[in-house]
Amino acid sequence: MKNLIRLAASLVVVLILLLCSAAFSQESDVELPEEPAAAEEAGPEALEGADIIIGLEPAAEEVPAVEVPLPSYVTVSDLPNDDGTGIVVEFEKAEGETEALTYTVSVGAGPDGPWQEVGSFPATKKWKEEAGHYYPAFFWFQKGRAGVSNNIHLFTIQNLSGNVPLETGVEYFVKLTASLDGANRDYPEILSATPEEQWFDTGRTNVLILAVLFGATVLYFIARARRDPNLFIRKISGLDAVDEAIGRATEMGKPILYLNGMSSLADLSTLAALNILGRVARRVANYESKLTVPCRDPIVLTVAQEIVKAGYTDAGRPDAYNADDIFFLTEDQFSYAAAVCGIMMRDKPAANFFMGYYYAEALILTETGASTGAIQIAGTDASTQLPFFVTTCDYTLIGEELYAASAYLSREPLVLGSLKGQDMAKVFMMVMIIIGTLLMTFGVVFIKDLFKALG
Amino acid sequence: MQFLRKQFPVMLAFVMGMAMFIREFVPSKFSEQLYYGFTDWAIVIVGFSAVFAILSLLHHHMNKVRRRVEGYGYSVITILAFIQMIILGLIFSVRPGTPAGWEYQWLFVPMQATMFATLAFFIASAAFRAFRARTWEALALLLAGLIVMIGRVPIGEFISPHLSTFSDWIMNNPSMAGFRGIILGVALAQIAISVRIIFGIERTYMGGGD
Amino acid sequence: MEKVQKPSFIERFLQLDRRIIYTLVALAVAIPLLFPLGLPIKVTPEVQSVYDMIEDLPEGSNILMSADFDPASMPELYPMMKSVMRHIIRKHHKLAITVLWPNGPNLVAQCIEELKQEYPEWTNTVDYVFLGYQVGGAIVIISVGDSFSGTFPKDYYGESTDGMPIIKEFNQLGQADYMVMFEAGNSGDWWIVYGTEVHDVPVGGGVTAVVAPMYYPYLQAKQLNGIIGGLKGAAEYEKLTDVPALATSAMDSQSMVHALIFVAIVLANIFALMLVGQKRRQAREEM
């Protein structure tokens, strides 16, 4: 209980920190002046970090036949949070900007060119508020603020024409041209910036905080489980049926079919399925039954062979292990389904296990299994296939139960501890969802930005 | 040997796991090179893993043929199909118009489509047998299912335009809420299992027991 | 000796042989194909969004397409892929095509061949590049963030991608103005997580009906700008591009099968309730 209070307190502290940082960001928010004259004064403070800020003096320009609007200021600066291969051009929406107006950005090695056109876009596009990953701000919560209307254009330059990337540490000069009805007008100043690489992506600070917080919570509960191994874990009824199914197969003298899902080892649900396979193999070895594991992925195959072998060895029956019972079928989805259905029809296994990730073939597998009268136990995080499993299997481990299953079966305190940590994170998320829903309902939208993951 | 089987993989998982985690927050050139370098390795390793698959497949079926187990004829067909596809592919490539391309278009495509099509029959039979309103919750699910099923095809639109609106509402609200709940739970569980793997608490995947 | 009671009609109906159900489904598919009903097709907002995006992009924009399916999902995804490609050709956009499923490339090649007969001026390596299949799944997606030519040194036809005119202007995922992915599994998740979100590329998805619910959360979160879901979505896109084809003709069959399952479930539930009532009555009489 004491630890629960401690954890809750630390979550509240983090929440307060996040809220404070958002409040700070609101205070330092860029207020853009409406009048061009005011922009000239407010510009330098407002656009901190930009290499060059230049005010416009429209009177000094020669007036063309068609009045081409120009923005009141333009800034060019290093692209933040990148590997040093980009610069960014920002400018305020020009007075009298229409859909017909086009902006063209050109880059040159010197202030006098030669110029290479690197992009052209209509005045209705490329808004700062819509920019995502490379948005030039210091912290993630300053980016793409919810509810802010489009009034600043942003254009990112990462390549010269012909896909030549920008070089780190080299100064690039930028020219902005506005075009309307065939008339062009250059922004009066040539601006420059130098791409520099960064070593910390400030745009992902919130992700880092939450990841560290969650990781630490899981590790804390694992450490706690080491001290006090008597942790309570809710009963997962599907797993109680595992023994029953293996027992029944032994009585009937029929094999047990175990599938690890359709995904590769890079998918964590496959790892969870393999973890359960280890426990099942041990019990099968104890009961002296036969276990068949057809695989779809060659790497999963080799790991599954090792796991079953270890399971038989742990049960003291290494001689009963037959590598041929764990075999590769095919990588093709429906050919695999057809082959497994063939095995079910020919061998008539008494128990079928469907663990891991499945796609459209799920129902084909389970319906065929059901028609042979086997006990069927499924465990998947494939949410779209869950209805099919629930309908056709005797027991289904839904979503995270698949991941909890290996901990449940092993009863190992360290692994069980991580489940507790996971539950705490879930409590945190539930609280945040409730707070967020309430705040958003009453028009307080900054909470949305706090959890925004950019890039 | 024990070190290579037990400690070394755990150390490797820890170092690589942490490196990839830190890399997520480092946008520098070195970090990018590391990332793309590893992805290149992974592509090569995955490519080589096909060799395991081929060996396992051939071994499994040849054993069946050698032992003359029941239905070994299928294994003979598998081996022959495998060998002829490799030979034809190597000689003529697998593009449309080649012999392998012909096999693809006129044997493989119809067989695959047939397998997928069985889904329609299985859905009908499974729904008929299992979709029963035994409780009030099941009744709610049944009604929602029926509305979505009919509301998402033209006949629903034909019966009443409100059916498709209501079906969309069900998909975008109650159904989505359920999906999100499962997705969030799964995501948290995946992070927890990742932490366990990185810190060497979960080692079953190495095949060496606990 | 107790007399064995013959099962009632209700009991027989509830234990209907699955082969009878299969036959009814087959008839519900076949009859409307032979005698079309011509049911109206309404375009849904999520399909309209994909169409509008391609329609509104300036001529010559870069579009990346990933065809991540195989012949099994061909009946659903092939018609929509063809309609979308036709739309892209009409708008003169540049197109790069990748495949993450090993049995998919020949389907794309077939689609290209069919469209080249409609649009002979559509030129390989200039207007489009078919990069083919590369092993690795999510890793390939990460890798195309770096370059297409590095990930796919040769295109499907065996030509080196490095010097191609289209690749000179369009060699990275980040350079795409839009992406359309056709998904029969979860490769779409990878595209969003490792690709389009990282490189800020708007993306729309054509997906099979069975995986469509998996992609709807992305639509709400605006990580997908639109979804063409299943055969119905394909028929809607055919309506938008004004070329009714395979998907449109299959719509009546789909409607009939849905109606059949609807009726079967309703009848099964009514009969199941009647059976419960019957058994209760019997039990009361026996008491």
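The values are calculated or read from the model by the stated rules, or taken from the named source; none is laboratory data. The shown structure was predicted, so the numbers you read here are calculated from the model rather than taken from an experiment. Positions of Cβ are generated from backbone atoms using ideal geometry, with glycine treated the same way; all protein chains shown enter the neighbour counts.
Yes or no: the range C:232-245 includes at least one residue that is out of contact with any Pro (no Cβ under 6 Å at 6 or more places or on another chain), more than 10 Å from every other protein chain (Cβ to nearest Cβ), at positive phi and not acidic (Asp, Glu). Within the range C:232-245, not a single residue is out of contact with any Pro (no Cβ under 6 Å at 6 or more places or on another chain), more than 10 Å from every other protein chain (Cβ to nearest Cβ), at positive phi and not acidic (Asp, Glu). I'd like the full set of residues that are of a type in the set (A, V, I, L, M, F, W, C) and either at pLDDT below 90 or not assigned by TED's automatic domain parsing to the domain that holds residue C:62 (or both), limited to the range C:110-140. Hits for the range C:110-140 are C:135, C:138, C:139, C:140.
Is it true that residue C:158 is surrounded by 22 or more Cβ atoms within 10 Å (Cβ to Cβ) and within 11 Å of chain B (Cβ to nearest Cβ)? So residue C:158 fails the test.
On inspection, residue A:299 fails the criterion of being β-branched (Val, Ile, Thr), in the same structural domain as residue A:259 (by TED's automatic domain parsing) and modelled with pLDDT of 90 or more. Against the conditions (1) within 13 Å of chain B (Cβ to nearest Cβ); (2) over 30 Å from residue C:139 (Cβ atoms); (3) among the small types (Gly, Ala, Ser), residue A:247 satisfies every one except (1).
Go through the residues of the range A:347-368 one by one and say whether even a single one is acidic (Asp, Glu) and facing chain B (nearest Cβ under 9 Å). Scanning the range A:347-368, I find at least one residue that is acidic (Asp, Glu) and facing chain B (nearest Cβ under 9 Å), so the answer is yes. Could you check residue B:27 against (1) touching a helix residue (DSSP H, G or I) at 6+ places or on another chain (Cβ under 7 Å); (2) crowded, with 17+ Cβ neighbours inside 10 Å; (3) of a type outside the set (A, V, I, L, M); (4) modelled with pLDDT of 85 or more and say which number it fails? Just one mismatch for residue B:27, condition (1).
Checking each residue in the range C:24-43 for being at the interface with chain B (Cβ under 8 Å from one of its Cβ atoms) and touching a residue at least 12 places away in the same chain (Cβ under 8 Å) picks out C:24, C:25, C:29, C:39, C:41, C:42.
Conditions (1) at pLDDT 85 or above; (2) farther than 27 Å from residue A:408 by Cβ; (3) at the interface with another protein chain (Cβ under 7 Å from one of its Cβ atoms), marked per residue:
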site: B:114; (1), (2), (3): yes, yes, no
site: B:126; (1), (2), (3): no, yes, yes
site: B:133; (1), (2), (3): no, yes, yes
site: B:139; (1), (2), (3): yes, yes, no
site: B:149; (1), (2), (3): yes, yes, yes
site: B:161; (1), (2), (3): no, yes, no
site: B:202; (1), (2), (3): no, no, yes
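Restricting attention to the range A:372-402 and to residues that are assigned to a loop (DSSP other than H, G, I, E, B) and at the interface with chain B (Cβ under 8 Å from one of its Cβ atoms), the residue that is farthest from residue B:117 (Cα to Cα) turns out to be A:399. Remark: pairs (first residue in the range B:166-178, at the interface with chain C (Cβ under 10 Å from one of its Cβ atoms) and without any contact (Cβ under 8 Å) to a residue 40 or more places away in the chain; second residue part of a helix (DSSP H, G or I) and surrounded by fewer than 16 Cβ atoms within 10 Å (Cβ to Cβ); Cβ separation under 8 Å; 6+ apart in sequence or on different chains) = B:172/C:220; B:176/C:220. Look through the range A:421-455, keep the residues that are modelled with pLDDT under 80 and among the aromatic types (Phe, Trp, Tyr), and return whichever of them is farthest from residue A:224 (Cα to Cα). In this case the residue turns out to be A:446. Restricting attention to the range C:151-182 and to residues that are in contact with a Lys or Arg (Cβ under 8 Å, 6 or more places away or on another chain) and in a helix (DSSP H, G or I), the residue that is nearest to residue C:73 (Cα to Cα) turns out to be C:166. Among the residues of the range C:1-23, those that are more than 11 Å from chain B (Cβ to nearest Cβ) and part of a helix (DSSP H, G or I) comprise C:9, C:10, C:11, C:12.
Within the group A:438, A:409, which residue is within 11 Å of chain B (Cβ to nearest Cβ), part of a helix (DSSP H, G or I) and more than 22 Å from the chain's Cα centre (by Cα)? Exactly one of A:438, A:409 is within 11 Å of chain B (Cβ to nearest Cβ), part of a helix (DSSP H, G or I) and more than 22 Å from the chain's Cα centre (by Cα), namely A:409.
Suppose we filter the range A:268-289 for residues that are free of Cβ contacts under 8 Å to residues at least 40 places away in the same chain and farther than 18 Å from residue B:201 by Cα; how many remain? Of the residues in the range A:268-289, 6 are free of Cβ contacts under 8 Å to residues at least 40 places away in the same chain and farther than 18 Å from residue B:201 by Cα. Of all residues in the range A:244-267, those satisfying the criterion of being in contact (Cβ under 8 Å) with a residue 60 or more places away in the chain and among the polar types (S, T, N, Q) are A:260, A:263. Looking at the structure I just gave you, is residue B:22 within 25 Å of the chain's Cα centre (by Cα), surrounded by fewer than 16 Cβ atoms within 10 Å (Cβ to Cβ) and within 11 Å of another protein chain (Cβ to nearest Cβ)? It is false that residue B:22 is within 25 Å of the chain's Cα centre (by Cα), surrounded by fewer than 16 Cβ atoms within 10 Å (Cβ to Cβ) and within 11 Å of another protein chain (Cβ to nearest Cβ).
In the range A:212-229, the residue that is surrounded by the most Cβ atoms within 10 Å (Cβ to Cβ) out of those that are within 15 Å of residue A:423 (Cα to Cα) and free of Cβ contacts under 8 Å to residues at least 40 places away in the same chain is A:215. Evaluate the following for residue A:418: is it touching a Lys or Arg at 6+ places or on another chain (Cβ under 6 Å), within 10 Å of chain B (Cβ to nearest Cβ) and at pLDDT below 85? Taking the combined requirement at face value, the residue satisfies it. Just to be sure before I move on: is residue C:49 of a type in the set (Gly, Ala, Ser) and out of contact with any Gly (no Cβ under 6 Å at 6 or more places or on another chain) in the structure I sent? Judged against the criteria, residue C:49 is not a match.
Here is a list: B:82, B:52, B:48. Which entry is in contact with a strand residue (DSSP E or B) (Cβ under 8 Å, 6 or more places away or on another chain) and either of a type in the set (Phe, Trp, Tyr) or not in a helix (DSSP H, G or I) (or both)?
B:52
All of C:95, C:77 fail the test of being out of contact with any Cys (no Cβ under 6 Å at 6 or more places or on another chain) and within 12 Å of chain B (Cβ to nearest Cβ), apart from C:77.
Residues that are surrounded by fewer than 17 Cβ atoms within 10 Å (Cβ to Cβ) and either under 20 Å from residue A:196 (Cβ atoms) or more than 8 Å from chain A (Cβ to nearest Cβ) (or both) within the range B:55-68 comprise B:55, B:58, B:62, B:65, B:66, B:67, B:68, listed in sequence order. The residue of the range A:338-371 that is farthest from residue A:385 (Cα to Cα), among those that are assigned to a loop (DSSP other than H, G, I, E, B) and at pLDDT below 90, is A:361.
Per the conditions (1) within 7 Å of another protein chain (Cβ to nearest Cβ); (2) in contact with a Gly (Cβ under 8 Å, 6 or more places away or on another chain), the sole criterion not satisfied by residue B:188 is (2).
Results for (1) touching a strand residue (DSSP E or B) at 6+ places or on another chain (Cβ under 9 Å); (2) buried (at least 24 other Cβ atoms within 10 Å of the Cβ); (3) part of a loop (DSSP other than H, G, I, E, B); (4) more than 13 Å from chain A (Cβ to nearest Cβ), shown as yes or no for each residue.
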| position | (1), (2), (3), (4) |
| --- | --- |
| C:185 | yes, yes, yes, no |
| C:194 | no, no, no, no |
| C:198 | no, no, no, no |
| C:228 | yes, yes, no, yes |
